[in-house]
Each structure stands twice: as C-alpha cells, then as structure tokens.
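Student: This is the structure I have questions about; it appears just below.
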Amino acid sequence: MKKTVAILFGGSSSEHEISCISAAAIAENLDSNKYNILMLGITKDGRWFLYSGSTESIRTGTWASDTAACRHAFLSPDTSVHGIVAESPDGFESIRIDCIIPALHGKNAEDGTMQGLLHLSGIPYVGSPTLASACCMDKAVTHTLLASWNIKQAHFLWFFAENYSGDGRKKIQCKIDARLGWPIFLKPANAGSSVGISKVKSAKEMDAAVALAALQDSKIIVEEAVTGQEIECAVLGNECPQASIVGEIGSNAEFYDYDDKYKNGTSTLYIPAHLEESVAEELRHIACRAYRLLGCTGLARVDFFVRNGKEILLNELNTLPGFTSISMYPKLWEACGKPIGQLLDELISLAEERKRYI
Ligand SMILES: Nc1ncnc2c1ncn2[C@@H]1O[C@H](COP(=O)(O)OP(=O)(O)O)[C@@H](O)[C@H]1O
Ligand SMILES: [Mg+2]
C-alpha cells in the first residue's frame, strides 16, 4: 500500500525561498509508485495551506497566490488525527499521514519549534528531534557543548546584544582583543544562510556588525576568522550514523555569504574535497561523533574549516540542510552511489524507525 507523505515547505524564516526550492526537488524525486504526496505550505507570515498546484509554482514562489489550489489546513497535535485538518466543502476534513518531511530551513523550522509540533502529532518525521534541533540551531549552544567534548572549533565568545552598550561594549571589545584578535566573524547565534553575518576587521566596525546581527537574534557570537578550506560532510542515520565522502566549497566572495550561496552561485563545489584521505577519514569520524553527542537523527550536514590541510575545526551542524538539486547534502550521497530517490526512501525509513520515541 502507498504511504502518504506530507512535505512541509516555506515557513516564517529568512530561508523561506530556499525551502520552497528544496521542497520542489524532494517532491519531484519521491517515487510516486510508493508515496502519495501532500504539499503543506507555510507563508512567510505563518499561514498554512494544503497546496495542490505544480511544484514549479512552489519553486518560483507563486504558489500562495494560486487561491484555487490552496485550502486552509494545519497539522493537528491530536494524535488520533495523525495528520492534517483541512478546509473542505463541508467544513473540515482530516487526512491521515504516515510520514512528514519538513523541507524547511532556519528559524521556526529547523530550531526545534516545528519539531515540537511534529512530535506532538505522533507522526514519524524526518530529521532530528526538538532538543537536538534547538542545540544545533543556536551557534553559542553548539560551540559550548562541542567545547565540553573537546571537539576543536574556532576560538569564540558570545554575548547578549543588549549588553553591548556603555561599559559592556568596551569590555566585550577588550575580550575580543585579548582572546581572538582581529579580524573576527560576528554572527547572530540563531539565524542561517549567512544572514546577519559580518567579517569585522577592527573594533571600529563592531557597532554596525552588532546592529545587523541583532536584527536576527538577541544573542551574538564572535569567532576568530579561520583561514583555510571549507569542508562539508553529509551524515545519515539514527544510532549508527554513516558519513559521506566529504566536499569542499570554493567561494569567490569574501566569505560564503547569502548571495554566493543562492543568487550569484559563483562558488564551486568540489567532490571529493582536496584533502588527504587520512584527514577526510578523521573529519568523518568527528562529524559522526558530534552528530551522536548532540542527539541528531535522520540527517545533518556537518560543516568544518580545515587549516593548513590538516587542522580540523568544526563550524556547525545543519539539521535540515538544503536539498535542492545542486545542494551539497544530496550531491555528497550521490557521489557515494546513493541517488536522491533512494536517499529519500532511507530518510523515511529512519523516521519510521524512531516512531517508538514519539
Ligand atoms: N570563524 C570563521 N572563519 C572564517 N570564515 C567564517 C567563520 N565563520 C563563518 N565564516 C564564513 O561565513 C559563512 C557562514 O557562516 P556559518 O557559521 O556557516 O553560518 P550560517 O549558519 O549562516 O551558514 C561560512 O560558510 C564561512 O564562509
Ligand atoms: Mg554555514
């Protein structure tokens, strides 16, 4: 019997557009002989619709204006519904769902908020549970936990944006001087897709960078600027995760920023990365260790810097990585001989395997 799979897309996040592209790619690559696919879209202002139009309109972002193809719907936290409640000619109907794929990125999506609702619904869902999602979203929390397990990272410190004023401002700048030096990378603790991130060359540039980051989050993290390669590793699994071949980003911008990631597309992906095999093997081991310690399940893309070809520094874990046809996560598995359709089958099985914990 076919399974009914709901793909959640859009969302109230700065990564709404990328989510739509990921969701269209996922819908197009799920085997329609095995799955009935439902598309559950969330607009930027947080309205939910069951969408029956084309994946192309999802990709181009015009889906929500096609009112004939949209009906109000929401995911029910009531486990007896085990699915969606949708507007119907008679009022409302409930539609049972076997598995949910949250093709969402960033805030209100990848940060544990959505996972809380998915968990309450009692429906198996792809990806990490609430706590792991929240920990990996908050860069200050991720860094603090990884440091406690002696996983190497760039030197860092974090502060609340509201404390960056008067004496507090001076103290923070002195700490940066003493512990990190300049330049630094200054980021909102909770954001994504490089939104709100600045490379800051001196204390003089700090105020503007803090103001920009504070638009995204009240917590700010600063890190030493690492000169080295940017390496990414795809991890897949629950208790016994596997790590993929590793890939490398050759960015043409000052850093791998939003425009470079999604607009100009001037960065180049190298698969495999230019790394000695022993270094790549160690990096894969660290990726799986961090994944397990943080409680990730299903999938994550673990991102690193490698300095001088050998020093491995973990940068971040993305629990719902980009899943477009040119995204690193599916490309890395493709390079390991796992085409995207098979990868999606495995992700659904991994979600079902965890049903006992929901
Ligand atoms: N400490 C750092 N040293 C050097 N480059 C960095 C550093 N932190 C971030 N970057 C650059 O900024 C990009 C985005 O930062 P990242 O921490 O990955 O945030 P996001 O969650 O937005 O992807 C990275 O891909 C990298 O190019
Ligand atoms: Mg990143």
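Student: If each residue's Cβ is checked for other Cβ atoms within 10 Å, how do T144, T319, T130 rank with the fewest at the top?
Tutor: T144, T130, T319
Student: Here's something else I'd like to know. Evaluate E = 1/(1 + (r/R0)^6) for E28 and S349, where r is the Cβ-Cβ distance and R0 equals 25 Å; express this FRET efficiency to the nearest 0.05.
Tutor: 0.80
Student: Output needed: percent of Cα pairs per 5 Å distance bin for segment 79-215, bins running from 0 to the one holding the longest distance.
Tutor: 2, 9, 14, 16, 14, 12, 9, 7, 6, 5, 4, 2, 1, 0
Student: Round to the nearest 0.05 the FRET efficiency obtained for T60 and S267 when R0 = 22 Å and r is the Cβ-Cβ distance.
Tutor: Result of the calculation: an efficiency of 0.45.
Student: Nearest 500 deg cm²/dmol is fine: what mean residue ellipticity at 222 nm does the chain get from its DSSP H runs of n ≥ 4 alone, each adding -39,500 (n - 2.57), divided by its residue count?
Tutor: -9000 deg cm²/dmol
Student: Which of C70, C20 has the fewest other C-beta atoms within 10 Å, and how do the rest follow up to the most?
Tutor: C70, C20
Student: Find the centroid of the Cα atoms in segment 189-227 and in segment 284-330, then give the distance between the two in whole Å.
Tutor: 21 Å
Student: Also: Holding the Cα-Cα limit at 26 Å, pick out from K34/K331; K171/K310; K2/K355; K201/K331; K139/K204 the pairs that are longer than that.
Tutor: K171/K310; K201/K331
Student: Whole Å is fine, so just give me how far the alpha carbon centre of segment 1-30 lies from that of segment 229-243.
Tutor: Taking the Cα centre of each part, segment 1-30 and segment 229-243 sit 21 Å apart.
Student: Name the trypsin sites (Lys or Arg not before Pro) in segment 258-358 that are in a loop by DSSP and that have at most 15 other C-beta atoms within 10 Å, would you?
Tutor: K310
Student: Only four residue types carry charge here, +1 at the Cβ of Lys and Arg and -1 at the Cβ of Asp and Glu. Report the dipole size of segment 3-125 about the Cα centre in Debye, rounded to the nearest 20.
Tutor: For segment 3-125, the charge dipole is close to 80 debye.
Student: Could you state the orientation-averaged shadow area of the convex hull built on the Cα atoms of the chain, in nm² to one decimal?
Tutor: 18.5 nm²
Student: Over all directions, what mean area does the Cα convex hull of segment 156-224 project, stated in square nanometres? Before the final figure, lay out each step's value.
Tutor: Values: hull surface 15.1 nm².
Dividing the Cα hull surface by four gives the mean projection, 3.8 nm².
Student: Quick one: order V306, V141 by neighbouring beta-carbon count within 10 Å, fewest to most.
Tutor: Least crowded to most crowded, the residues run V141, V306.
Student: Using the alpha-carbon centroid of each, what span in Å lies between segment 75-117 and segment 334-358?
Tutor: For segment 75-117 versus segment 334-358, the Cα centre distance is 20 Å.
Student: If you don't mind, there's one more thing I want to ask. Compute the normalised compactness of segment 3-125: alpha-carbon radius of gyration over 2.2 N^0.38 Å, N being the residue count.
Tutor: 0.97
Quick note: the coordinates plus some simple rules give every number you see, no bench work behind them. Bear in mind the structure is a predicted one, so any value in this text is a computation, not a measurement. A quick note on method: Cβ atoms are made from the backbone with ideal geometry, for glycine too, and the neighbour counts reach across all protein chains shown.
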